[in-house]
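Worksheet: one structure, shown below.
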Amino acid sequence: MSSIPPVDLRIQHQAIADEVAQGMAAVLDKTAFILGSVVKDFEAEYAAFTGARHCIGVANGTDALELALRAARVGAGDEVILPTNTFIATALAVVRAGARPILVDSDPDFHLVDLGQVASRITAKTKAIIPVHLYGQLAPMEKVVEFAQGRGFIVIEDAAQAQGARRGGRAAGAWGLAAGTSFYPGKNLGAYGDAGAVTTDSDEIATRVRALRNYGSEVKYHHPELGFNSRLDTLQAVVLRAKLRRLAGWNEARRKAARRYDELLADLGAVTRPQTLPGNEHIYHLYVVRVPKRDEVVKKLNADGIGAQIHYPVPIHLQGAFTFLGHREGSFPVAEQAAREIVSLPMFPEITAEQQRRVVESLRRAVG
Ligand SMILES: Cc1ncc(COP(=O)(O)O)c(C=O)c1O
């Protein structure tokens, strides 16, 4: 029996292969490899998709977060609050911008930032909070924004896992002062290599990110500030334009697949299904369940050819790179407990009912 990958990118490629080939051929014909109209068009289309006024394409999601922080003048001496239960890049971006990450726990049901804890971590140095829209659903953004505004700090969203996700009708990437997103190939909107973007309503942030991604330059060969080379690659923009046209349909297909998993798992008491925070339109970047004896379960699933993964096995505060923050086992018990129990089941728009049945049968045997 063929194995079931965590994500199958080949099917989407088949759907857009001709369009991508033509788009790339046009770029090659013009030898217009850096920025240009394809990047501009994608930026306009992605801004429209999120409802933000501006989109600035950059080299990857980590850079997007770093440049958004830098554009907002978050840096040395500042503290930035973020959940410990996230991908390492959220914290890396803060350190790379020169600021100090201040970690908080997540809530036990949705794996999103625990706002109750945020209040206790605020100091005179707090400059920003980065809510992470983990697994494909938004953090409770109306509360995050109100909370931050009331205390005079800014919100930079980590929207890497939430392209097209909405809360109360408003899309990820359109809530904070700015947002960073990633178009890593496995994301809901994935490029054919690394890529990312900043979205923002602020003209000032947009102008600064545009300069920062381009050696700190708005006018060629004039560099009023230190910048980076972090532009969205033009060939990647071809892929992203083709995929963006189909993204809403693909997200709907993921929701349908999630509902099917929900039904198939309904009688499996040992498995806790993912929950949606009321008000959210989830896009199931990942379908994450919780099980006892997780490592054994994952081994059994993998032995059956099921591409089960863990997002993420080690929270930020227990990563070697962040020992300098001074945390230890027990510092954030909710995230630590989640890290011991979570499993991401195969999830992609084209997953078939038959594949999902096989995943759940294997899971049933593994927990049984
Ligand atoms: C939550 C989160 N933040 C940031 C990133 C960083 O994005 P990239 O890998 O494009 O640098 C990712 C994805 O990799 C992510 O999942």
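The values are calculated or read from the model by the stated rules, or taken from the named source; none is laboratory data. Computed from a predicted model, the values in this text were never measured in an experiment. Note that we place each Cβ from the backbone using ideal geometry, even for glycine, and neighbour counts take in every protein chain shown. Calculation scope for accessible area: heavy atoms of the full protein, side chains included, ligands and nucleic acids excluded. Shrake-Rupley method; radii C 1.70, N 1.55, O 1.52, S 1.80 Å.
So here's what we get for this one:
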{"quantity": "Search result, residues across the stretch 144-167 that are away from the ligand (no atom under 16 Å from the Cβ) and within 17 Å of Gly51 (Cβ to Cβ)", "calculated": "Val145, Arg166, Arg167"}
{"quantity": "Subset of the stretch 315-358 (residues that are assigned to a loop (DSSP other than H, G, I, E, B) and exposed (fewer than 15 other Cβ atoms within 10 Å of the Cβ))", "calculated": "Gly326, Arg328, Glu329, Gly330, Thr352"}
{"quantity": "All positions within the stretch 286-314 that are of a type in the set (Lys, Arg) and surrounded by fewer than 16 Cβ atoms within 10 Å (Cβ to Cβ)", "calculated": "Lys293, Lys299"}
{"quantity": "Check on Asp194, more than 15 Å from the ligand (Cβ to nearest atom) and in a loop (DSSP other than H, G, I, E, B)", "calculated": "no"}
{"quantity": "Members of the stretch 176-188 that are among the hydrophobic types (A, V, I, L, M, F, W, C) and either buried (at least 23 other Cβ atoms within 10 Å of the Cβ) or near the ligand (Cβ under 10 Å from one of its atoms) (or both)", "calculated": "Ala178, Ala179, Phe183"}
{"quantity": "Residue in the stretch 102-134 that is modelled with the lowest pLDDT, counting only those that are more than 13 Å from the ligand (Cβ to nearest atom) and open to solvent by less than 10 Å² (accessible area, probe 1.4 Å)", "calculated": "Val118"}
{"quantity": "The stretch 269-285, residues that are open to solvent by 20 Å² or more (accessible area, probe 1.4 Å), out of contact with any Gly (no Cβ under 6 Å at 6 or more places or on another chain) and in a loop (DSSP other than H, G, I, E, B)", "calculated": "Gly269, Ala270, Arg273, Pro274, Gln275, Thr276, Leu277, Pro278"}
{"quantity": "Test: residue in the stretch 79-90 that is away from the ligand (no atom under 16 Å from the Cβ), modelled with pLDDT of 95 or more and over 18 Å from the mean Cα position of the chain (by Cα)", "calculated": "yes"}
{"quantity": "Close pairs (6 angstrom Cβ cut-off, 6 or more residues apart or separate chains): open to solvent by less than 40 Å² (accessible area, probe 1.4 Å) in the stretch 217-244, of a type in the set (Ser, Thr, Tyr) anywhere", "calculated": "Gly227/Tyr215; Val239/Tyr192"}
